[in-house]
Amino acid sequence: MQNTHIWNKLYIHRYKVIFVLSLLICATTGYGQKTRWVQKNNPNYDDKKLTYGFLIGLHSSTYQLKYSDSFVTPDFDTVHSVVPAWSAGFSLGFIVNYRLDDQLDIRLTPKVGFYEHRLSYIYTDDTPREDILVESTMVELPILLKYKSQRRGNIRMYMIGGVVPSIEASGKKKTEERQIGINSSNLSIDAGFGFDLYYPLFKFSPEIRFSRGLVNLLNDNGTTDKYGAPLKRINTNTITLYFLFQ
């Protein structure tokens, strides 16, 4: 019934909808015509073989869990579930970009990322809910391929993807204080898209990238401790908004 009501409303106001769509099409066409004649900033920037820069990343990350077979045994009959939560963090790094041809680059972006991961243990009895916080500082070396569209005026869209090996830079004491055993290295696959915006003195690129961890972060010690025993596998999922300056 709700869908029918919506379609009836659209039918009643069909002329208004057509008018608005026509305006949007005309505006888009006009902007496309304008960008053909706009003065190009840094017109020879993309001719450089090697370029450098720096980046700032704002991310939200969470663990993806897989329960172990022992989770359904009587040993854990009071554990209702283990729930991961999304947590914010940030990263800082550098850009080394090598131009392969007009539309393809290879890019290294060594960076340091600051992560927080939260796990909530919910019980079926009177045991209060327990929240576990895993903090880590990761040194990451993304190796990426960047595929670019044709430049239109001072804007260019691109897609980017690759692999990201990383290792934890936290101290030994911090690792020992953890309530769950987590490996100190990770390997993830990244994919995303962004826009190159050309200015007279630099190039600015906002970018969204999605990351999926490939390595099981739960180590052997973690599978035997109180909080790791119900789990078989832990992977990372991260969404990052990057601001790149070159």
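Okay, here's what the table says:
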read-out: Sole residue being hydroxyl-bearing (Ser, Thr, Tyr) and at pLDDT below 95, chosen from Ser60, Ser70, Ser91; value: Ser70
read-out: Subset tally (residues that are surrounded by 14 or more Cβ atoms within 10 Å (Cβ to Cβ) and either without any contact (Cβ under 8 Å) to a residue 12 or more places away in the chain or in a loop (DSSP other than H, G, I, E, B) (or both)) for segment 203-224; value: 6
read-out: Verdict on Asp105 being out of contact with any strand residue (DSSP E or B) (no Cβ under 6 Å at 6 or more places or on another chain), in contact (Cβ under 8 Å) with a residue 40 or more places away in the chain and either in a strand (DSSP E or B) or not hydroxyl-bearing (Ser, Thr, Tyr) (or both); value: no
read-out: Identity of the residue in segment 91-102, loosely packed, with under 15 Cβ neighbours inside 10 Å and in contact with a Ser or Thr (Cβ under 9 Å, 6 or more places away or on another chain), that ends up farthest from Gly213 (Cα to Cα); value: Tyr98
read-out: Test: residue in segment 234-244 that is touching a strand residue (DSSP E or B) at 6+ places or on another chain (Cβ under 6 Å) and outside any strand (DSSP E or B); value: no
read-out: Residues satisfying the stated conditions in segment 104-138, i.e. surrounded by 15 or more Cβ atoms within 10 Å (Cβ to Cβ), more than 16 Å from the chain's Cα centre (by Cα) and over 24 Å from Val82 (Cα atoms); value: Asp105, Arg107, Leu108
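The values are calculated or read from the model by the stated rules, or taken from the named source; none is laboratory data. All of these numbers come straight from a predicted model, not from anything done at the bench. Note: ideal-geometry Cβ built from the backbone for every residue, glycine included; neighbour counts use all protein chains shown.
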